[in-house]
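Have a look at the structure below, then the notes.
The values are calculated or read from the model by the stated rules, or taken from the named source; none is laboratory data. Computed from a prediction, not measured in an experiment: that's the story for all the values here. All Cβ positions, even for glycine, are placed from backbone atoms using ideal geometry, and neighbour counts span all protein chains on display. What goes into the accessible areas is simple: the full protein's heavy atoms, side chains included, and nothing from ligands, DNA or RNA. Shrake-Rupley method; radii C 1.70, N 1.55, O 1.52, S 1.80 Å.
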Amino acid sequence: MPSEAEPQQADATDHTVKKLAIWFQFPIVIDDMPPDMAPWVKATGPLGDFGDHTYFHGFVADQLFGTPPSDGNPASAKPPTFDTYKRTDLNSDWFGDKLLFEKDLGFAVKRFGFRVTNAELRIMSRGQKRLAVVTVAVLITKAAQCAWKPDMGEALRSNDFPDRPFTLADAQDALDWMRRVYPRWWRKTPFKPIPGDTLYRVFRTTPDTSGPDEQDMDETFANTGRVPLLPWVRGLIRPLVVDGPLPRGTGNTAPPNARHMNDERAYMASVVTLNQLQRDGETLSEQQTMLALRQGDQFRLAEADRSGPGTNYYSPDFNRSLRDAIFYDRHAPHKDADPGRTTYYMFSHKHICAATTWDQATDDMGDYYRHMHMLCVFEYHQLLVFSQNLSDLVRRYRDNRQDDERFLEDLQKIRADFLTHTHLHHFSNVSSQLQPREIYDRLYTAFGIEKMFREVDEELRSATDFAATLRTQAQARRDSTLNEYVALGIPAALAVGLGGMNLLVGAESFDLAMFNDKAHPLAWQIGQFSLLVAFSFVAWNWFTTLFLKPSGQDKPVEKSATKPALVIAGVSAVISFVAYGYLFMQS
């Protein structure tokens with residue numbers, strides 16, 4: 001935070017910006033991996049340099065950059081553990097210095113000239129759904145303001161910029177408006193409805209430069225449940241398609257093969273590099289320049305809020321409550337600190353920002369801190385995927401759309417994916433050096449990852465406990481069924497044993513002249529044996545009901561447990577009755 005004895009504060013329009021570097025992070029779940037990823041090319045060897053590999057723990061560096069060859073053996077080199085792709089066309093006309101970004105100001109437009117300096121796609125999980133993070137680096141160096149024209153997409157080019165300073169207020173507007181992923185807030189004009197916060201947003205990233213209008217957005221969402229992306233975002237992530245076919249000839253006819261996980265504001269890491277402040281004809285030192293930066297402007301940068309009047313975008317009391325969570329002061333300027341300390345680091349859930357006069361800060365963010373930010377974006381959304389998959393599983397089971405066995409199988413897959421994540425991709429610590437540890441802890445806290453990890457772990461434990469109950473119940477049912485059918489062997493053996501003791505005798509032994517057992521011996525034997533079986537099973541049922549108790553219970557066996565014995569006894573009695581009836585009729 002600024003020191004108590006700071007110089008006179010300067011307005012955001014007084015500070016001029018040397019450059020604004022932004023790294024956008026787009027988390028995407030890939031449902032169907034395209035067979036051809038052009039213009040992305042997959043890394044087949046290690047990335048990064050000595051500094052990259054030694055800044056992080058080895059297991060983190062291996063996943064981000066791969067493994068360099070050992071002892072001069074090229075075959076030992078390995079690509080990053082995360083499948084990593086890079087764009088090959090960043091020097092084409094679509095990604096050159098002629099790119100324009102527009103912010104609508106009613107019927108005026110603020111334009112920013114920038115170029116895309118890097119684009120990476122990392123596929124960071126191999127579970128049921130592949131979670132990827134697309135990182136796009138841009139460098140903004142100029143801004144202008146002009147009246148809006150209906151042919152703006154064709155008329156404006158970078159050489160239209162007048163010679164005017166690129167101010168901190170411009171940088172604040174760029175951070176606020178450029179992070180938008182979807183068109184919003186259409187404004188009626190004499191020509192057509194235009195998105196109020198985009199106005200075609202970025203030109204020349206793709207041949208399709210016009211943003212979808214309000215009716216396109218409404219129709220696409222009503223028919224597909226998906227929201228069309230702005231053209232520049234859609235063009236950057238192709239061949240991944242997250243918004244599906246769009247209506248009325250917008251040039252996007254491919255079916256969706258992925259889902260954008262975030263809301264309408266992208267995750268960002270950024271560095272705002274200021275020029276030394278000019279005051280009363282004198283150039284202030286770098287430290288004095290940063291001490292003149294208003295606290296309200298720092299909060300605007302941290303939260304990526306637009307420029308405006310007043311020293312604070314939000315209530316000053318609210319800002320003060322966030323100081324400790326947002327600001328990292330190790331390199332902040334102070335009258336009693338080293339004059340070279342000129343960097344404010346600021347953290348929020350969506351944004352890590354450095355405001356500085358030190359050129360090296362851009363390299364540090366690009367080489368190290370944006371990777372930490374990307375890891376947090378990945379883990380945050382990976383945990384969301386786990387939680388969502390678990391919720392979908394429970395919902396299917398609740399709605400009786402899958403049986404116990406399928407529930408257990410799908411739960412086991414989620415548990416296996418979570419186990420892989422916990423032991424391979426749960427980066428609670430990325431470096432042994434003090435500053436990266438502090439910065440990563442700030443990011444980790446801003447995302448709330450540790451709390452979310454515990455919540456997902458608890459959700460899985462709860463589901464696992466329920467699964468254990470299902471398994472126990474299923475095993476108990478199988479054991480009960482087995483015991484019942486095994487127990488049926490006792491009365492069956494008793495009946496067979498009695499039959500084998502010559503108890504099956506003729507009718508004359510009972511003086512039953514009405515049965516002609518001589519003429520129909522088989523019917524007589526069936527009748528006798530069935531009656532013996534019925535008697536045996538009724539006796540067994542009576543015995544088990546009165547005297548046998550399941551282990552650990554005080555009550556006798558439930559009636560349902562002896563139902564098969566009663567069924568067999570009943571069927572046998574019926575067979576005996578039919579056999580004796582047949583003999584009686586024949587007599």
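Tabulated results
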quantity	calculated
Overall dimensions of the range 290-419 as given by Cα atoms, namely Rg and Dmax in Å	22.2, 69
Contour excess over end-to-end distance, with Cα ends at ASP404 and GLU264 and 0.36 nm allotted per residue	46.6 nm
Mean Cβ neighbour count within 10 Å, used as a protection proxy, ranking 40-53, 383-396 highest first	383-396, 40-53
Additional length obtainable on full extension of the chain from VAL578 to SER315, 0.36 nm per residue less Cα span	85.3 nm
Sulfur and carbon atoms: percent of accessible area, the range 363-482 [1.4 Å]	48
Length added when fully stretched, LYS335-GLN278, from 0.36 nm per residue minus Cα-Cα	18.6 nm
Spatial separation of Cα centroids for the range 270-303 and the range 30-64, in angstrom	36
Mean Cα-pair separation over length for the range 318-435, i.e. relative contact order, pairs under 8 Å, 6 or more apart, %	13
Accessible surface, the range 230-363, averaged per residue in Å² (probe 1.4 Å)	40
Per-residue SASA entry for ASP14, accessible area with 1.4 Å probe, Å² rounded to 10	90
Signed unit charges on C-beta, dipole axis of the range 252-295, positive-most listed residue SER285, ALA266, PRO256	PRO256
Residues with amide H under 5 Å from that of ARG180, placed H, sequence gap 5 or more	ALA266
Label point distance in nm, LEU424-ARG471, each placed 7 Å from Cα along Cα→Cβ	2.3
Size descriptor, Kirkwood hydrodynamic radius, that averages inverse alpha-carbon separations across the range 238-367, Å	17.4
HIS425 - accessible surface, heavy atoms, 1.4 Å probe, Å² rounded to 10	20
Links that overshoot a 21 Å alpha carbon limit, given the list LYS350/LYS451; LYS42/LYS78; LYS413/LYS451	LYS413/LYS451
Solvent-accessible heavy-atom area per residue, rounded to whole Å², over the range 26-79 at 1.4 Å	51
Solvent accessible area, Å² - LYS18, 1.4 Å probe, full protein context	90
